[in-house]
Structures are given as structure tokens and as C-alpha cells.
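The values are calculated or read from the model by the stated rules, or taken from the named source; none is laboratory data. A quick note: this is a predicted structure, and the numbers were derived from the prediction, not measured. With ideal geometry, Cβ positions are generated from the backbone for all residues, glycine too; neighbour counts draw on all protein chains shown.
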Amino acid sequence: MTPTAKHTPSRYKNVIGKYRVRRSSACQNCRTCITACPHGVFTDSGGKVLLPLDHLCFGPACAAGEGSCVHRCPNQALTVTLNPMYEVLGDRRWNADLVMSTWYMAETGRVPENGLEYRIGGSGGGFDRMEIVLPDGPVDPQALKEVSTRILLNRRKDDRPKLSIGLPVYGGGMSFGSVNLATMISRVRALTAFDSLLCTGEGGFPDALVPHRDHVITQVATGLFGVREETIQYVPVVEFKYAQGAKPGLGGHLLGDKVTPAVARIREAVVGTSLFSPFPFHSVYSVEDHLKHLDWIKQVNPRALLAVKVSTPTDVDMVAVGSYYAGAHIIHLDGSYGGTGAAPDIAKKNIAMPIEYAIPKVHRFLVQEGVRDEVTLIASGGLRTAHDIAKAIALGADGVVTGTADLVALECLRCHNCESGRGCPRGIATTDPELRLQLDEDWGTQRLINLYSCWRDQLAEILVRLGLTSISELVGRTDCLRHLDYEPSGGGRQR
Amino acid sequence: MPKKYHIHTETAPNRHRMPGRASLIDWEEGCLRCAVCVKKKCVYGVYQNRRIDPVSLADTADMLCKHCFSCVQNCPNRLISKSVNPEYELLGDDYWTPSILSTLNYQAETGKIPVSGAGYSGPFSGPGFDAIWTDMSEIVRPTRDGIHGREYISTLTDIGRKPQFLAFDPDGRLVGAGSSHLDIPLPMILSLPAGLRLGPALIRATAAAARELGTFLRMPARLAEDMPDLDPAQVMPCFDRASLAQGRPRPRDFRLIEVEDFDGIEDWLAEFRRVAPKTVATVRVAMDSCFLDRLAALTEAGAPAVHLATDSHGLSPAEDGGRATFIADLLRQAHLRLIEMGRRDEITLLAAGGIALAEHVAKAIICGADVLCVDTALWAGLECRVCSDCGSRVVCPARLETAPEAWVVQRLLNLVGAWHNQLLEVMGAMGMREIRRLRGEVGRAMFFEDLERDSFGPIFGRRKDRPA
């Protein structure tokens, strides 16, 4: 059964919108605006009109029309302008449009209709310069219902379970400590609703996740924090993390401030001490050692699928093939522009290639090697929207992993201060006893269900428009893509 | 193994208010006087700690604010707002962007590597160094933990000519002059920026920082002449023909000098090598369309080092309506030319211009430089805002002339220390333990053009900005 979206408004009194609706003291509380606005900007309580809900406003173009709130207000108390905060919110990758439209999708489960761009960001390259070439025309509602967004995670011919997930998305690892329990629980419950999975990240397996263990991936990373025999045996998928996109080739680092008693207990460490996760695995110096690692997990958990997470160096295609031969079911490429926790700026920007380049490179090589059909290729690192997901799949991935988008749905606005002081001021990426109380897991679960549900609907529409019945048919269909910086004739034929 | 090179960093607080990325606008009118105001709940204590900066007489809230928007979104009467900060936007220029200036300022203040959460936030790629990514290895040698680790990553760099092989006479004695090269513990020379404010105190402090770092301060010879108290072993004076003719200061009194290229410099170099065998003479060549031929000729003539200097944006002068070329491309051409001649290891390439971030050092070395001269970035670390009208301004907004010497030294150590640690990070990710091995290693980098062609070419065809 598909989970349903439910209206889940912001935690904050004021939601930042693209437009600013101002009401002057001339307002007489006549409530004309409430009937004038079809978008729900105006509400009342106890006969008093409340502060306008800016984020629902359709802007000056709508306000200029006959019958608009501005025109119908008998006291000329209303003005609608572009919000000056629109210019300061977000950044190049996640610009204000994308942040606000993701908030909107998490609130309503629908794409915004007031002109906010919800498909691409403003980075000026990669996904942001690609388009999915979609035929126009009506979409058959029945086809939308029947289209499948399910992907298979075990494509090997072995005796392990043929596990599949209901969305071509699973949740990227964000450790307990880097985020709090409410964030993890919200994510795992929402992903479970879509029959998908959440990776623990390298911070151990909190007890609260145990009831959800059939939808959890245990991450085994270089610090081996919280990795125990039972946490490997709990789960359907075990992920080996070699490197991560935000800081490829560097270790992880949880600052001492974030090592609270709960974090320390689960990581079997000392409260208040910084925890370093080294790079690389000090037990893996070769692909043979890698094989040994995978065999070890296979012995400990005979039903687990094995995922190998690597970042994107120039030889990422060789790495992927090596992982396949070592027995991995899932090869997870983490591109350089993603990441959620703290990382040196120099690494985030400069080390390893963006995921857009890595996907076709690896896909092509796996095809040439004749093993593409036996491995699941997962991409992550800067996938923000349903359109990013579709583009990644058309470039050759089977599915994707998200992280930041989930946090934005929980009202992260990418202030980049996850690690400073007491941690996230918005209660997401912090285990601070006071700050974390800002996040409620029921609220968080529904916000994420709304986002995923909206993504699912968008993916379904893309597939139906392309005449496909399943997301797996989109894999490698680069002929469905157009790059705006390339000569128009250059539509690809790669399969 | 030699002692690990370490740069001592410690906080050297800003002397001035650094404009914040966005302004905080606080409409106090209409305040409901809530029992617990959202301003009191600021996680960063912005409202408690704000004050009027005694120099600029402006509010420091913008500088302290970390843009979490919590107060904006929680104020029940919607009285707090944020907007673009024009003061921030006006910092620097299109190369020395506000974000570069603030990160340099942070590094000079703290000596720390800039770290932030939530992934990368910038453009996909860009011109110049932003079109290059450095590589990494999934599986590298054991025991490598970057700056936190146990393994020694060397940034030692040689300058000068080294014989390609040793020759001995029949009695087993070394024949020839042997090596006259010198080494510096990191591939950077501090250099006085052209066109920005200089004062004797500032120069002295920069020289002290260079000494502490074990590198050189590059400065005009006439300034070196005026400051005889500077240690000649840490100063790299730059001579032009006139100052050479003048004979003061004497080039041979220094370990490293730079000479502006002139007709007949080959003879001068030969003579100089005879009279001052221990001094390395670098030739600065004009960056015109003939620079590659000039580099080749000087290499043939046995010049120990050549300096390729571009402007502060890393550009060579554009000639005859042609396009200016960026330092990364110039370095790749120069390096390749020397490789083709089979003489790359005989000569040291110094480069200058547009080195604004630690990653630029790594990328310029990958493109072929041995040593970078860092100039404007140092001043940015001293809170310089790279005003375009520096010379004609009456008052420097950073009051560089009043900067205490100890503060300048510490700021420069902090900046270079943070850069050095970042170099170790990128080298560690590559599994590279010697910066000398990184030089010209384009295989350890990925270039925008190549990635587009190899990954996207088979899919999308030809880029619009590429000629047919």
C-alpha cells in the first residue's frame, strides 16, 4: 500500500516564502482576504486574521489580478513583494527555490505551483544543466498508478534473498551522534513506509532502531564504531564504507562536544573525546583484502546483501568492477558534492569527481565487462530532487541514496554549522539535550513521507510520459536526456 | 626521517569587524515583549554578544550571525528579517571574492582548516582552478591518517640546479660544481603584493614570518637595500637591470635572488655562478607569447630557476587582442615543454599570481609548478580587503600601517599553517607522501574538459563552447 501524504506544516511560526505579504495597520479584520485568496495564505483564529502564510503566496503577478487579496481589500492594507530573504537563503547547489520547494513538498506532498523551481538547483553544471526530454500531452491516471518504482538490490546469481525496495531511493548513512535519534527514527519510519532502507552510518546501531531492523543497513566503516556481531546479523544489507563523497580520502571526525554519554556508550568511547574514523581501512591494502572483508560479513550473516560504498576517483570504474568480483551486490558511488556532516571545505569542493561524471563512466565499464546485469549500481552525492534521481538513473544508476534532501524536509536550511558549538540550531544534526527537543519524530516521519510521496509521483509521471512501466526500464536511457551546454544534435544512444 | 615540519598556530583575533554574508534586520517596532524573546534563545548568543564596533561604529550582529534563521522564523510578530549585505558584496573583486576573503581571514585568525557541514555549496565548476578536481585513492598505503596521523608527508621542495648525475675523476674525487640547490620546507615563498600597502613594519613582520616558516620573503631589491637588518638568508631580492648595475645590494650576499630577464642574461648567469656558486638565481621571464621559447632557451643556458609571474588574477597579459591565459594553463604548457626537452628536472619553476586558496597551491603544483609565490592572499589574511584603489585611498580599511608586528607574524603563520595542513589533506587523499612527486602529476587531477569529453561526450556529443 502506498503511504499517503498528509498536510504537515512547518515547526516554525514563520515560514520563509519567495514572496512577502505585508499587512498594514489599516487592516480592519474584515476577513475579505481569506475568501479572496484561493491558496490559503490567509487564515483566522478567534475572528482575528493571522499573519499571512507567505510561503503559499503566488506573488505579485497573482496580486495584480482582479479579485486578488490586494485588490479586494477594502482598506488597501495588503502589499505583495519579492521577499528580500529569498536572495540570502540557500546557496548555489541548493538555491532558495530548491530549499523552499523541498519544504513545500514536505509540508503538502505536492510540487509547488507558485513558480518555485523544484527540479534543478543553481550550480550551473551537471544535473542543473540537464533536462529530461518529456513528451507533452495528457497522462493516463491509471498508468500512473500501475507504474513501478521498485528496484531489485540483489541481481547476483547467488542464494541470497532477492531483496527489493519500493522506491529507487534508500537513506544514506548519517551516524547517531552526527544526527539525533529523532532524525534517524523519522527517516527509518518514512523509508519503511515505502519498503525501503536506512543506513546507520558509522555510529553504531541505536537500540531504538532494533524494531526497524528489517529496514536498516548496518554500516561497517574504518573506525568500526558500534559494529558488533549482532548488529551485522540484524539486517538485510551490510554496507562497507571505504570513503565518502564529502571528504574522499579523509577520515571521519566527530568533535568531542558531540560525544555525549549516549553517543559514547553506543560507540564504546569516552565522553567528550573527539572520535576519528581513519582512512583507509587499515586491514585492506588490496582487492584481495577487500574480498576477505566481504567474506567475513557473509559468514557472520548468511542472508545479508553486501553494499560497498566508495567515492569517485579517476579510476572509479576499476574500483567498481573490483568490488563486483569481490562479491558485492550493491556498488554505491558517493560523488564529491554531497555529504551532510562536517568536512574540510577543501575536500568538499576539490577532491574526487562529481557524481554526474562517475555514473556513466562506471555504467559503461560494467556493461563492457559484461557484469552490469549482476550488480546494483547506486549513486549519491548531491542528489536533491526527483529529477536528479531520474537523471542519475537515465545516466546508468539503478537507484540513489539521499541524505541532505531528507534533512531539508526536516527544515534544515543548509547554514553549514552542523558541527559548531552545540550543533544544529534547528535540532536535526545535534544530540544536544535541549536543541534536539525541537524535532518530533512523528512530525519528521510525515514530512519525509510527504517528500518521498511527491518524489514517487514525479517519477511515476516521468516514466509514464516516457512510455515506460518501470523505473528499471529507465536505467542507462541517456537518449531521454538533453544537456543544455551541448549541441542539440547530440542526443545519446548509449544503452 | 627528519623531524616533522610543524607550524605553530594560535588564535590571533581580527582587529576589525568582518562583514557577514547576510544582514540581520531587526524591526523593533511592534515588539510584543514576549516573556522569552527569540533573541535570548539564539544558539550562538548573537544578540547577547553584539556591540558597536569602535572602529567602524557599526553593529557586530551581522558578523556574529551564522544564518540559521531561527530568530527570523520564531519571532511571533515577524519582526526579524535577513537581507543581502552590500558591505559584504563589495569586498574584493571578481577573483578575490568575498567568500575567498572571508575564508582567508578565518584561517589567519584561527590557523584552522575551514570545516563546515551539509556538503558543498558552490558552483559545479568554474574558470581557472575551479575547473580542476584533485584525485583520491580508495585503497592507499597503510597508516595514513592525514594531518592527524602518524605518517610523515613531506612538503619539502628544492630550488635550484641539481646535477643529474655525479661525476668523479680517476682518484674518486667529485668533479664539477656539485649541487647548489637549496630547499624550503613547504612549496611556498612569501611575496610582497604589488599595488597593496607596504610599510617597513609590515615588511619586517612578513620577513619574520618567512624566517619562522623556513622560507623566503620575496621583495624588490631596492627595498631590501633600505632594510639592511633583514636576514639575507631569508630574503629573496628581485633585481632589474638597473638595480643590478647599481651593485647594491649585492646579489651574491643572498641565498636566493630573482633577476628580471634581459638580453644577454645567459652570460650574466654564467659569470654569477662563478662568483656566487651558492646563490640560486631565478630568472623572471616576460609572460608574452614567446615565454615558452624563452624558458627553453634559459633551460639550455643552465638557468637554475625560472619565475612565471602572472597578475593577481593569475592571468598573463593578453596580447594582440588575444585572450589572457590562466596560470594553470601556462604552467601545463611550460611543464610539458620542459618534459619534451627531457630537461624538466634541471630547472625549478616558480609561479605567481592568483594563488588565493590552499587548493590553488596543490593544483598549480599538479600543473607543473615547483614553488608558488604567495602575495595577495597574505595581505587578505591581515584583513586587507583588496580594494582596487589601494594606492589612492587615504585610509586603509584594515589599518595595515598600525598592525602590531607580533600580530602580523602570527596571522601569517596561521594562514600558511592552515594551508599546509590542507595540502597534507589533499596529498593524503591521493596517497602521496612527497610534494615533489606531485609536481606535474596531472594523472592525480581531473580536468573539467576531460571529464566532460570522456563522461558526457559519448552521450551528449559536442559542447557548445568547444570548437568543431
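For region B:158-191, which residues satisfy the criterion of being under 21 Å from B:G111 (Cα atoms) and either outside any strand (DSSP E or B) or polar (S, T, N, Q) (or both)?
The answer is B:P185, B:L186, B:P187, B:S191.
Of all residues in region A:400-421, which are more than 8 Å from every other protein chain (Cβ to nearest Cβ), aliphatic (A, V, I, L, M) and not in a loop (DSSP other than H, G, I, E, B)?
A:V400, A:V401, A:A405, A:V408, A:A409, listed by residue number.
Go through region B:19-59 and give me each residue that's at pLDDT 90 or above, within 23 Å of B:A403 (Cβ to Cβ) and out of contact with any helix residue (DSSP H, G or I) (no Cβ under 6 Å at 6 or more places or on another chain).
B:R51, B:I52
Can you spot a residue in region A:202-213 that is crowded, with 16+ Cβ neighbours inside 10 Å and free of Cβ contacts under 8 Å to residues at least 24 places away in the same chain?
The answer is yes, given that some residue of region A:202-213 is crowded, with 16+ Cβ neighbours inside 10 Å and free of Cβ contacts under 8 Å to residues at least 24 places away in the same chain.
Taking region A:346-359, which residues are part of a helix (DSSP H, G or I), at the interface with chain B (Cβ under 10 Å from one of its Cβ atoms) and surrounded by 24 or more Cβ atoms within 10 Å (Cβ to Cβ)? Reasoning before the result, please.
Taking region A:346-359 first, the residues part of a helix (DSSP H, G or I) are A:346-350, A:355-359.
Within this subset, residues satisfying the condition of being at the interface with chain B (Cβ under 10 Å from one of its Cβ atoms) are A:346-350, A:356-359.
Residues satisfying the conditions are A:I346, A:A347, A:K348, A:N350, A:E356, A:Y357, A:A358, A:I359.
Going by the structure shown, is A:E434 without any contact (Cβ under 8 Å) to a residue 40 or more places away in the chain, more than 9 Å from every other protein chain (Cβ to nearest Cβ) and farther than 24 Å from A:G338 by Cβ? Talk me through it step by step, then tell me what you get.
Numbers: without any contact (Cβ under 8 Å) to a residue 40 or more places away in the chain: yes; more than 9 Å from every other protein chain (Cβ to nearest Cβ): yes; farther than 24 Å from A:G338 by Cβ: yes.
It is true that A:E434 is without any contact (Cβ under 8 Å) to a residue 40 or more places away in the chain, more than 9 Å from every other protein chain (Cβ to nearest Cβ) and farther than 24 Å from A:G338 by Cβ.
Looking at the structure I just gave you, is A:V367 modelled with pLDDT of 95 or more, surrounded by fewer than 24 Cβ atoms within 10 Å (Cβ to Cβ) and closer than 22 Å to A:K162 by Cα? Give the derivation first.
Numbers: modelled with pLDDT of 95 or more: yes; surrounded by fewer than 24 Cβ atoms within 10 Å (Cβ to Cβ): yes; closer than 22 Å to A:K162 by Cα: yes.
The answer is yes for A:V367.
Could you list, ordered by first residue, the pairs with Cβ atoms under 9 Å in which the first is in region A:280-299 and within 11 Å of another protein chain (Cβ to nearest Cβ) and farther than 13 Å from A:A221 by Cα and the second is outside any loop (DSSP other than H, G, I, E, B) and of a type outside the set (A, V, I, L, M), at least 6 apart or interchain?
A:V287/A:G322; A:V287/A:S323; A:V287/A:Y325
Please count how many residues of region A:385-401 are surrounded by fewer than 24 Cβ atoms within 10 Å (Cβ to Cβ) and charged (D, E, K, R).
Residues in region A:385-401 being surrounded by fewer than 24 Cβ atoms within 10 Å (Cβ to Cβ) and charged (D, E, K, R): 0 in total.
For region A:75-109, which positions are aromatic (F, W, Y) and either within 15 Å of the chain's Cα centre (by Cα) or within 19 Å of A:G444 (Cβ to Cβ) (or both)? First the steps, then the outcome.
Going through region A:75-109, the residues aromatic (F, W, Y) turn out to be A:86, A:94, A:103-104.
Those that are aromatic (F, W, Y) and either within 15 Å of the chain's Cα centre (by Cα) or within 19 Å of A:G444 (Cβ to Cβ) (or both): A:W94, A:W103, A:Y104.
Tally time: how many residues in region B:418-466 are closer than 17 Å to B:I365 by Cβ, touching a Phe, Trp or Tyr at 6+ places or on another chain (Cβ under 9 Å) and at the interface with another protein chain (Cβ under 10 Å from one of its Cβ atoms)?
Residues flagged as closer than 17 Å to B:I365 by Cβ, touching a Phe, Trp or Tyr at 6+ places or on another chain (Cβ under 9 Å) and at the interface with another protein chain (Cβ under 10 Å from one of its Cβ atoms) within region B:418-466 amount to 4.
Tell me the residue from A:T404, A:T430, A:T445 that is in contact with a Lys or Arg (Cβ under 8 Å, 6 or more places away or on another chain), closer than 24 Å to A:Y357 by Cβ and assigned by TED's automatic domain parsing to the domain that holds A:L209, please.
A:T404
Conditions first: (1) surrounded by fewer than 18 Cβ atoms within 10 Å (Cβ to Cβ); (2) touching a Phe, Trp or Tyr at 6+ places or on another chain (Cβ under 8 Å). B:E225 passes all but one, so which condition is the exception?
(2)
Only helices (runs of 4 or more DSSP H) wholly contained in region B:56-115 count here; list those with 1 or more residues that are among the charged types (D, E, K, R), crowded, with 19+ Cβ neighbours inside 10 Å and within 14 Å of another protein chain (Cβ to nearest Cβ).
Fully inside region B:56-115 and qualifying: B:61-64.
Within region B:378-404, work out how many residues are assigned to a helix (DSSP H, G or I) and at pLDDT 95 or above.
4
Working carefully through the options B:V280, B:V235, B:V259, find the one that is touching a Gly at 6+ places or on another chain (Cβ under 6 Å), β-branched (V, I, T) and surrounded by 19 or more Cβ atoms within 10 Å (Cβ to Cβ).
It is B:V280.
Looking only at region A:46-60, count every residue that is surrounded by fewer than 20 Cβ atoms within 10 Å (Cβ to Cβ), of a type in the set (A, V, I, L, M), out of contact with any Lys or Arg (no Cβ under 8 Å at 6 or more places or on another chain) and in contact (Cβ under 8 Å) with a residue 12 or more places away in the chain and tell me the total.
Residues meeting the conditions: 1.
Give the residue, chosen from A:G251, A:G245, that is in the same structural domain as A:T430 (by TED's automatic domain parsing) and buried (at least 24 other Cβ atoms within 10 Å of the Cβ).
From the options A:G251, A:G245, the qualifying one is A:G245.
Looking at region A:57-70, can you tell me whether even one residue there is on the phi < 0 side of the Ramachandran plot, of a type in the set (S, T, N, Q) and under 37 Å from the mean Cα position of the chain (by Cα)?
Checked region A:57-70: at least one residue is on the phi < 0 side of the Ramachandran plot, of a type in the set (S, T, N, Q) and under 37 Å from the mean Cα position of the chain (by Cα).
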